[in-house]
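Let me begin by presenting the structure, written as structure tokens, before commenting on it.
Please treat every number below as a calculation from the coordinates, not as lab data. Bear in mind that the values here come from a model prediction, so they are computed numbers and not experimental data. Every residue, glycine as well, gets a Cβ built from its backbone with ideal geometry; the counts of neighbours run over all protein chains shown.
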4 protein chains.
Amino acid sequence: MNLSIYTMGGTIDKVYFDDLSDYVVGEPQAGEILKEAQAAISFTVNEVLRKDSLHLTDEDRQLLRERVAADPERFILITHGTDSMVQSAQVLKGIADKVIVFTGAMSPARFKGSDASFNVGCAVGAVQSLPPGVYICMSGQVFEAGTVRKNRAAGRFESLG
Amino acid sequence: MNLSIYTMGGTIDKVYFDDLSDYVVGEPQAGEILKEAQAAISFTVNEVLRKDSLHLTDEDRQLLRERVAADPERFILITHGTDSMVQSAQVLKGIADKVIVFTGAMSPARFKGSDASFNVGCAVGAVQSLPPGVYICMSGQVFEAGTVRKNRAAGRFESLG
Amino acid sequence: MNLSIYTMGGTIDKVYFDDLSDYVVGEPQAGEILKEAQAAISFTVNEVLRKDSLHLTDEDRQLLRERVAADPERFILITHGTDSMVQSAQVLKGIADKVIVFTGAMSPARFKGSDASFNVGCAVGAVQSLPPGVYICMSGQVFEAGTVRKNRAAGRFESLG
Amino acid sequence: MNLSIYTMGGTIDKVYFDDLSDYVVGEPQAGEILKEAQAAISFTVNEVLRKDSLHLTDEDRQLLRERVAADPERFILITHGTDSMVQSAQVLKGIADKVIVFTGAMSPARFKGSDASFNVGCAVGAVQSLPPGVYICMSGQVFEAGTVRKNRAAGRFESLG
């Protein structure tokens, strides 16, 4: 399997910089996660942006759509902040012949007990098993784009109505 | 999603006991992994055996088949030692109307940098995305039972021929 | 050994809150670190403040001094943000008959690969081995208060001139 | 500070080899622990043996004594299996002008939640704070050689009667 990974930033990639006494979105973690898990697949990591997803603009989402639409690969994994993942997934609908799976994390990949490795695993398992379309893998579930929301208070993604 | 988990032991569940100065197969880790990853799914963990998979017998595999066949749920995840996962998957073929996914780990779930959380994530993503059948999720790939082997020297699972 | 721990906040205690998309100083981690390390000592954790140490005031340091001076125990461990640890240590000088050791972390205790557990271990080893006085344990070294600075650019504590 | 580290094996250095389905004593971990903790000290790691300490012989302990006695440095840290650490510490008594601190771990350094990093930190804090002699740093305590035993049932080191 050849997997094209696009990274938009978000909690999954947050690291701590002592000289700022603050957290910032850092290097994409998806590739490190795949290596640590000894995944024997071919993949490329394409860094698009390093943004908290609350700060993503319509232009940013169009840029992501153009990059993905121009990619020759069938299997696409996108790491993204959780707060606007649902909106970005909507924008990518309609790209033909691709299985596109979004994932991210509630806790940075660098944290002990982070959900990042599980979530990327879930997305990797889903992307090679699903028909073409746009999906979100979060909270241990695979949702079709347009059928899901983040329930911030409960700390999980869940089906709409 | 309701997920029935069956655990057979294997590296994924190995823990260290200082009074033995040795490692033994311990409590099933799959449930802990799902909780740590904040997976918002219903699941039950059914412990079948705590064996290194080199020591599994034909009777053990029949027991697993009977337990799974009698389960009313559609989605089945089995954690299992890697050395004979391929054989056990063969024994479960032919159970109707169930998606059965085997996974395990090359390194115990309790180890830093273990592949366990990623692999269980991969299996959870696959089980809800695939048609009925028996599958193995290892090395970041989803294989149909009967098409895969463990390449011990390379430390990975790979397609046959 | 009876150990009195005072916690002032700082990076060591930083946790991530997804609903704020931000890090804040959380529960004191020193007690958790001692439990995880199976330290067989008696200790109490006294939470004084939960502040980034850049925000500590003269009043805050006086409060810490009063709390420590009134403590009947001989062995005192203080967890503290790294940016003004040196100043706080100066303020505690002159308390009689106590071994007072400051420590903290460059990376939150909850992070994989954090220096927090090592640093608290270093402080625990030093506090029971030193004569009365005020010390800082950081970067694998034990410094007397007044002889040390944080070299922010190099990411370490080091002896003054 | 210049620190000479001698490694004898033991649980702290145990790693898992999937091709053996077993744990063996692997590369010394003390240097990795110091690097991960960003310890700003000079150190050398001298690997003496890779043995479970139940298998150490009188000759092994004499070898350790000779290596340490011939070392020009004042500060000596020894990582060692816990089951016979007490005996080895006895054998090193009487070496002049050196502070010699033994440590190890109840759980391998590679395990999540291992006591290894804390224990090495504790030994590093103690070694630079103590007068010449032979000591054991385990369970968050610093013991003089000859005053301590491992209580295997309780999983801790403790003072002799």
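Things to note:
- Overall form of chain B: rounded. Here a/c, set by the Cα gyration tensor axes a ≥ b ≥ c, is under 1.5.
- In nm, spacing of pseudo-spin labels at C:Lys112 and A:Arg74 (7 Å Cα→C-beta vector): 3.1 nm
- Taking each DSSP H run with n ≥ 4 as -39500 (n - 2.57) and averaging over every residue of chain D yields -7000 deg cm²/dmol at 222 nm.
- Between identical copies, the spacing of D:Val15 label points, each set 7 Å from Cα toward the C-beta atom, reads 2.4, 2.5, 3.5 nm from nearest to farthest.
- For C:Tyr6, the residues 5 or more places off, or on other chains, whose built amide H falls under 5 Å of its own are C:Asn46, C:Leu77, C:Ile78, C:Thr79.
- Starting from the label point of B:Glu158 at 7 Å along Cα→Cβ, the same points in the other copies fall at 4.6, 4.9, 5.4 nm, in ascending order.
- Tally of Lys pairs whose C-alpha atoms are under 22 Å apart, taken over the stretch D:2-159, 8 or more apart or cross-chain: 8
- For chain B, modelled as a GNM whose springs connect Cα atoms under 10 angstrom apart, the maximal fluctuation among B:Thr79, B:Thr147, B:Thr11 occurs at B:Thr147.
- Gyration tensor (alpha-carbon) shape descriptor, the protein assembly as shown, a/c threshold 1.5: oblate
- Amide hydrogen neighbours beyond the local backbone of A:Gly133, cut-off 5 Å, H modeled: A:Lys98, A:Val99, A:Ile100
- Dipole magnitude (debye, nearest 20) for the protein assembly as shown, charges at Cβ of Lys, Arg, Asp, Glu: 0 debye
- What the phi angles of the stretch B:89-104 give under the Karplus curve with 6.51, -1.76 and 1.60, with θ = phi - 60°, is a coupling list of 4, 4, 5, 8, 4, x, 6, 7, 6, 10, 9, 10, 10, 8, 8, x Hz, glycine and proline written as x.
- Counting, for every residue in B:39-45, the Cβ atoms of other protein chains within 10 Å of its Cβ and taking the mean gives 3.
- Shielding by other protein chains, D:134-147, mean Cβ within 10 Å: 3
- The rotation axis bringing chain A onto chain D passes closest to the chain A residue reported with its distance as A:Lys112, 4, by C-beta distance in whole Å.
- Where trypsin sites (Lys or Arg not before Pro) fall in DSSP loop in the stretch D:103-161, at most 13 other Cβ within 10 Å: D:Arg152
- Peptide ranges A:121-131, D:50-60, D:128-138, A:37-47 listed from the most packed, as the mean C-beta count within 10 angstrom indicates: A:121-131, D:128-138, A:37-47, D:50-60
- Mean per-residue shielding of peptide D:103-112 is 5, counting Cβ atoms of other chains within 10 Å of each Cβ.
- Taking a sphere under 14 Å around the Cβ of B:Val120 and counting the other residues whose Cβ falls inside, with K and R at +1 and D and E at -1, yields a net charge of -3.
- For A:Arg156, nonlocal amide neighbours, meaning residues 5 or more places apart or on other chains whose placed amide H falls under 5 Å from its own, are A:Asn151.
- DSSP beta bridges in the stretch D:2-159 [antiparallel fraction, %, rounded to 5]: 35 percent
- Rounded to the nearest 20, the Cβ-based charge dipole of the stretch D:56-161 about its Cα centre (Lys and Arg +1, Asp and Glu -1) stands at 300 debye.
- The antiparallel fraction among DSSP beta bridges confined to the protein assembly as shown stands at about 40%.
- DSSP beta bridge pairing in the stretch C:73-161, given as percent antiparallel to the nearest 5: 45 percent
- Amide N of the stretch B:62-77 lying under 17 Å from the label point, which is placed 7 angstrom from the Cα of B:Ala96 along Cα→Cβ: B:66, B:68-75
- Global geometry of the stretch C:120-161, whether rounded, prolate or oblate, following the gyration tensor of its Cα atoms and the 1.5 cut on a/c: oblate
- Inter-copy label distances for B:Leu54: 1.9, 5.3, 5.5 nm (label point placed 7 Å from Cα along Cα→Cβ; shortest first).
- Contact order relative to length of the stretch D:2-159, as percent, for alpha carbon pairs under 8 angstrom and 6 or more apart: 24 percent
- Simple spin-label estimate for C:Glu66 and D:Thr44 in nanometres, 7 Å along Cα-Cβ: 5.4 nm
- In the stretch A:1-94, Cα pairs under 8 Å separated by at least six residues give a relative contact order of 44 percent.
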